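K.L.:
Right, I'll just put the structure down here and ask away after.
Bear in mind that the values in this text are calculations on the coordinates, not laboratory data. Every value quoted in this text rests on a predicted model; they were computed, and no experiment measured them. All Cβ positions, glycine included, derive from the backbone under ideal geometry; neighbour counts span all protein chains shown.
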Amino acid sequence: MSIAGMHLPKTALFIAFAVVTTTGKAVSHKPSCPHIELPKGNTWMLTVFGEEYCGRNHGHNTYHGNQKNPIWGTVCFDIKPLNDKVKSFVFNSSTLHAIDFFSNAGCHGDHLGHSTGSMVKDVVSQKGQTMSSFHITPDFSL
């Protein structure tokens, strides 16, 4: 047997055919969240989306800052109006900043996650969808 000029034993063809027919449908791939450039003069930016894969049909909000001074301390941001509906996000940082996510406003409640530097989340977990606030701190480990 041959496929596209390749000669395969009958067992190999059967195995490949069985995989295709047992799935029942073609596999589709959703595009991942796009890279979002930082606005000029900003050192970090977080964009949250009310839809998976950074879709904008259910709203989105962008938060950004230009704090370049390493003495700058932690600042808390409440996520509005997507409270309890964050489905995906993009965090972009030109310098290493740490971000922490919380379930309640005012950076209270469950600590949902942490990242140092840029991070993209195409699909947020069920618990992560309760994200209501975040705080940014510079990474002093450099």
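K.L.:
What residues qualify as long-range amide H neighbours of L112, i.e. H under 5 Å apart, gap of 5 or more or another chain, H built at 1.01 Å from N?
P.N.:
Under 5 Å from the amide H of L112 lie the amide H atoms of F101, F102, S103, each far enough along the sequence or on another chain.
K.L.:
Under the rule a/c < 1.5 gives rounded, and otherwise a/b versus b/c splits prolate from oblate, where does segment 44-138 land using the Cα gyration tensor?
P.N.:
It comes out prolate by the Cα gyration axes.
K.L.:
Okay, next question. Rank the residues V48, V124 as a footprinting-exposure proxy: fewest other Cβ atoms within 10 Å of their Cβ go first.
P.N.:
Taking fewest neighbouring Cβ atoms as first place, the list is V124, V48.
K.L.:
Now a separate question. For a Förster distance of 22 Å, can you work out the FRET efficiency between the beta-carbons of N61 and D122, rounded to the nearest 0.05?
P.N.:
0.80
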